[in-house]
1. Within the bounds of segment 52-75, is there any residue that is of a type outside the set (Phe, Trp, Tyr), surrounded by fewer than 22 Cβ atoms within 10 Å (Cβ to Cβ) and part of a loop (DSSP other than H, G, I, E, B)?
2. Looking only at residues in segment 107-120 that are more than 21 Å from the chain's Cα centre (by Cα) and open to solvent by 10 Å² or more (accessible area, probe 1.4 Å), which one is farthest from ALA23 (Cα to Cα)?
3. Has segment 429-443 got any residue that is open to solvent by 30 Å² or more (accessible area, probe 1.4 Å), part of a helix (DSSP H, G or I) and in contact with a Phe, Trp or Tyr (Cβ under 7 Å, 6 or more places away or on another chain)?
4. Give me the residue from segment 48-104 that is free of Cβ contacts under 8 Å to residues at least 40 places away in the same chain and among the basic types (Lys, Arg) and, out of that set, farthest from SER6 (Cα to Cα).
5. Test of understanding: among ASP247, ASP208, which residue is of a type in the set (D, E, K, R) and open to solvent by less than 40 Å² (accessible area, probe 1.4 Å)?
6. Checking the conditions here, which among GLU91, GLU98 is over 30 Å from CYS65 (Cβ atoms) and open to solvent by 30 Å² or more (accessible area, probe 1.4 Å)?
7. For residues that are open to solvent by 20 Å² or more (accessible area, probe 1.4 Å), in a strand (DSSP E or B) and not hydrophobic (A, V, I, L, M, F, W, C), tally how many sit in segment 290-337.
8. Every residue in segment 37-51 that is open to solvent by 60 Å² or more (accessible area, probe 1.4 Å) and in a loop (DSSP other than H, G, I, E, B), please.
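The values are calculated or read from the model by the stated rules, or taken from the named source; none is laboratory data. In this text the structure is predicted, and so the values were computed from the model without any measurement. Cβ placement follows ideal geometry from the backbone for every residue including glycine, while neighbour counts extend to all protein chains displayed. We work out accessible area using only protein heavy atoms, side chains counted, and drop any ligands, DNA or RNA first. Shrake-Rupley method; radii C 1.70, N 1.55, O 1.52, S 1.80 Å.
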Amino acid sequence: MTGDTSFIWHRPATEVETLFDYANRKGYFVTVYGLSLCSDSPVDDDMMENALKHLFRKVPSLRTCFRNRGDTLWACEMKHERIDFQVTETEDVVTAIEDLFGYKFPTTEGPLWCARLLPSTAPLPSSQPDVIASCDFPHIRTLLLANHHGINDGTSNTFIAQSLLHILDDMIADSPVDDEVQMGNLANGEESKAILTAMAEQLREDKDRQQNIIEEANKSRNAEKLIPRAYPMSRGPNPKDQIVMQDLDKETTQNFLKRCKQEGVTVNSAMTAVINISLVDFVREGGLEQDTYTIHELHSVNLRRYFSGNTDKTVGCHMLLPRVLFPTPAKWREVFWEYTRTIHTTILHGLEDKDAFLYLLNMNEGTTPEEIFQKRPYPQCDYAIGNVGNLDRRLTTKRQHISLCHLVRSTACWNDPMYSFFHTLNGCFAYSLVYCTDVLTREMAKRFLEITFDNLKAIVQL
């Protein structure tokens with residue numbers, strides 16, 4: 001590659017980037033965000049494509065590609081502008097999202113993201129009246145942004161959504177867009193590496209603890225998971241991923257948020273509890289009767305919390321999914337909020353102890369990223385969670401000429417039954433469920449979603 005001026009070597013890839021790069025070579029863990037934008041004047045196909053070109057120039061993670069330098073994978077910067085943009089034939093956002101699950105991005109050349117614009121006649125992806133009422137302007141377009149998970153995580157993707165709004169707002173106002181002014185900055189990966197190195201050294205000095213962590217992780221990984229036990233299906237090597245989604249009305253959302261505050265727990269802890277009890281109800285419908293159910297979860301942790309300085313504009317992929325186990329009672333109604341406080345305490349302690357890094361150390365113990373994805377093993381969890389919080393507080397989603405009126409978040413599963421994604425936007429709680437088709441059918445997923453929302457409404461009254 002001597003003399004190749006189409007890219008710049010930046011730094012060796014982090015452990016997380018390397019893991020996701022090997023995954024994407026097989027089309028795993030593709031992240032897809034559906035942005036529904038309303039504007040005071042139409043955003044046509046050409047305007048959107050030009051806005052995405054500005055986005056490419058202004059957001060550094062969107063110019064990232066990965067290349068081998070000797071035996072080491074490096075994060076590089078693309079020096080040639082290339083946009084993967086298409087207008088879809090389908091008006092159905094679910095179909096368009098599912099078409100992108102399994103997308104293999106050109107790792108070495110880039111771009112490691114793509115955009116799919118639904119036709120201007122496509123309806124808003126939500127039928128919730130409060131979501132429809134939040135559309136401040138008459139013209140609606142839905143844009144899907146999909147990416148190789150190694151270049152961006154949920155925090156980055158929501159920041160990028162805000163950045164795109166800013167660009168489009170300027171374009172609609174006929175104001176110039178300065179491509180030299182960057183939106184976001186890249187971390188050098190040194191802080192994550194330092195924490196990993198320190199924790200690895202601690203484990204080497206405490207062999208008993210290291211062995212206990214490995215044994216517990218292997219026990220959790222090999223334990224029978226609830227949905228396959230209640231609803232056994234034949235597992236294939238290359239299943240498809242599908243998505244179902246639903247939004248909660250504004251009044252119930254606000255009552256839920258207030259109740260969480262009253263009970264002294266985070267929304268994340270309370271929603272984890274809701275999903276857990278709903279999973280219990282769901283498998284009981286399938287005939288799996290127990291007094292207590294051990295639920296194995298993966299929780300998305302934003303590693304920026306461990307970085308120094310202001311990380312509000314730090315883009316890239318800085319997340320891990322540590323494993324958490326929660327015994328959940330079949331008769332949960334009498335003890336729901338007490339159970340939720342237990343979850344809250346467990347998650348808080350895990351964050352304080354940096355359990356996310358322990359998970360990465362254990363996962364890589366004695367194996368390479370390439371070996372991890374050679375075959376599809378038994379599900380390592382019952383489900384995984386991705387929560388980006390209350391976007392009304394974190395982002396500027398309403399600008400002078402355009403606003404973000406709805407957002408769908410999703411990442412394709414690999415070998416796990418389902419991933420749950422939630423956030424709050426425009427005062428309404430939004431939830432999406434991604435699942436493998438050899439674990440759940442669409443009808444089963446819709447039933448689980450129905451149980452989840454019934455329980456979400458019920459616990460506010462408990």
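1. Scanning segment 52-75 turns up at least one residue that is of a type outside the set (Phe, Trp, Tyr), surrounded by fewer than 22 Cβ atoms within 10 Å (Cβ to Cβ) and part of a loop (DSSP other than H, G, I, E, B).
2. Here the residue is SER120.
3. No, segment 429-443 contains no residue that is open to solvent by 30 Å² or more (accessible area, probe 1.4 Å), part of a helix (DSSP H, G or I) and in contact with a Phe, Trp or Tyr (Cβ under 7 Å, 6 or more places away or on another chain).
4. The residue in question is LYS53.
5. ASP247
6. Sole residue among the options that is over 30 Å from CYS65 (Cβ atoms) and open to solvent by 30 Å² or more (accessible area, probe 1.4 Å): GLU91.
7. Residues meeting the conditions: 6.
8. ASP40, PRO42, ASP44, listed by residue number.
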